[in-house]
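**Student:** Take a look at the following structure, please.
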Amino acid sequence: MLPNPNYRNKSLDFWANVKLLSQHIGYTDRKTQSIKIPTAEEILTVYDKLRFSKQKIVTHKNDPSRYLNDLLEYFDYRAILLNHTVKNNLMDEIQAKKEFDLLRKKVKSTCPIPMNKQKGKKRAPAFFTGMINMLIEKNLDGEKCDYDPKELTTFSKDSYPEIVMSRRVDGAYPSILNPKAIWEIKEYYYTTTFGSRIADAVYESLLDGYELNQVKQKLNINVKHYLYADAYYTWWELGGKSYLCRIIDMLNMGYVTEVIFGKEIFQRIPIIVKDW
């Protein structure tokens, strides 16, 4: 899932309105359980309730302004993207295991295949992470890659450390020292409650994106930043829809280069690695 070029240069107040209005109007339509598309009337009601000036969102004739129409178009775009494309790409553990087994038979890999954090009968390879690693290795054709960094990502100049990121990432190419690309993987196939750990996944990627923007500003280095996410039940049914909305917002705000949901890995990873 790549950013929509129509929204890449929007102002901070545009995204402030997206977040504020989503919070007050709601992310989900309770009747259909799909992503909600706010109306102009609902937006105006929020402004009235919060006693905000409507000067920017209505014309002198009290018609919707271009700014308000841009907000409405974004909400429409976000809802269609999530309700159809993202929803249909998310896999459950049965689908993920099937795809993992098929890929493992096709690909001769030496990359690490980590185990999930479950116990007992649920103990198994981390299907999504394993597939991502195998697909990256297959398309790298022997080039170096760090599939499990255990140190903080570091950027140096003239053999001197300039910026060190705050947290460890799930993967880096070619290494965590001056990488060209880093990524996070969020798979939650066996989750039964939508807890803070999953919510934190969104904010972790936001922090990474913020720090990578600092790298770009100070060192003029543009690092690719990817977020991989999967688990239909967790993200779509258990309470993750609002966070999916925030992920799409984060993507279009420029904090993530690309978000890859579920089955998208098979189409996108070969293209992504070729780009590296």
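Here is a yes/no grid of residues against (1) among the charged types (D, E, K, R); (2) out of contact with any strand residue (DSSP E or B) (no Cβ under 8 Å at 6 or more places or on another chain); (3) within 18 Å of K216 (Cβ to Cβ); (4) outside the structural domain of N213 (by TED's automatic domain parsing):
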{"residue": "A126", "(1), (2), (3), (4)": "no, no, no, no"}
{"residue": "T129", "(1), (2), (3), (4)": "no, no, no, no"}
{"residue": "I132", "(1), (2), (3), (4)": "no, no, no, no"}
{"residue": "Y173", "(1), (2), (3), (4)": "no, no, yes, no"}
{"residue": "E187", "(1), (2), (3), (4)": "yes, no, no, no"}
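**Student:** Does region 25-32 contain at least one residue that is farther than 22 Å from S242 by Cα and either of a type in the set (V, I, T) or surrounded by fewer than 17 Cβ atoms within 10 Å (Cβ to Cβ) (or both)?
**Tutor:** Scanning region 25-32, I find no residue that is farther than 22 Å from S242 by Cα and either of a type in the set (V, I, T) or surrounded by fewer than 17 Cβ atoms within 10 Å (Cβ to Cβ) (or both), so the answer is no.
**Student:** Follow-up. Taking P149, is it over 21 Å from E93 (Cβ atoms), part of a loop (DSSP other than H, G, I, E, B) and assigned by TED's automatic domain parsing to the domain that holds K216?
**Tutor:** Judged against the criteria, P149 is a match.
**Student:** Go through region 109-132 and give me each residue that's assigned to a helix (DSSP H, G or I), surrounded by fewer than 12 Cβ atoms within 10 Å (Cβ to Cβ) and touching a residue at least 12 places away in the same chain (Cβ under 8 Å).
**Tutor:** K122
**Student:** May I ask you to list the residues in region 219-276 that are surrounded by 23 or more Cβ atoms within 10 Å (Cβ to Cβ) and acidic (D, E)?
**Tutor:** Scanning region 219-276 gives a single hit, D230.
**Student:** How many residues are buried (at least 16 other Cβ atoms within 10 Å of the Cβ) and either more than 20 Å from R104 (Cα to Cα) or at pLDDT below 95 (or both) if we restrict to region 133-167?
**Tutor:** Total meeting the criteria: 5.
**Student:** Sticking with this structure for a sec: Any residue at all in region 36-47 that is touching a residue at least 60 places away in the same chain (Cβ under 8 Å) and either outside any helix (DSSP H, G or I) or outside the structural domain of P125 (by TED's automatic domain parsing) (or both)?
**Tutor:** There is no residue in region 36-47 that is touching a residue at least 60 places away in the same chain (Cβ under 8 Å) and either outside any helix (DSSP H, G or I) or outside the structural domain of P125 (by TED's automatic domain parsing) (or both).
**Student:** Quick check: is even one residue across region 39-47 in contact with a strand residue (DSSP E or B) (Cβ under 7 Å, 6 or more places away or on another chain) and either modelled with pLDDT under 95 or surrounded by fewer than 16 Cβ atoms within 10 Å (Cβ to Cβ) (or both)?
**Tutor:** yes
**Student:** Moving on to the next point. Being over 22 Å from the mean Cα position of the chain (by Cα) and of a type in the set (F, W, Y) is the filter; apply it to region 116-160 and report the residue that is nearest to D170 (Cα to Cα).
**Tutor:** Only one residue tops the list, namely F155.
For every residue, the table says whether it meets (1) at negative phi; (2) within 30 Å of the chain's Cα centre (by Cα); (3) assigned to a loop (DSSP other than H, G, I, E, B).
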{"residue": "L2", "(1), (2), (3)": "yes, yes, yes"}
{"residue": "D13", "(1), (2), (3)": "yes, yes, no"}
{"residue": "L21", "(1), (2), (3)": "yes, yes, no"}
{"residue": "K49", "(1), (2), (3)": "yes, no, no"}
{"residue": "Y67", "(1), (2), (3)": "yes, yes, no"}
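Conditions tested, residue by residue: (1) over 24 Å from I136 (Cβ atoms); (2) of a type in the set (S, T, N, Q).
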site	(1), (2)
I80	yes, no
K98	no, no
D101	no, no
R104	no, no
T110	no, yes
K119	yes, no
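The values are calculated or read from the model by the stated rules, or taken from the named source; none is laboratory data. In this text the structure is predicted, and so the values were computed from the model without any measurement. Reconstructed Cβ throughout: ideal geometry from the backbone, glycine too, with neighbour counts over all protein chains shown.
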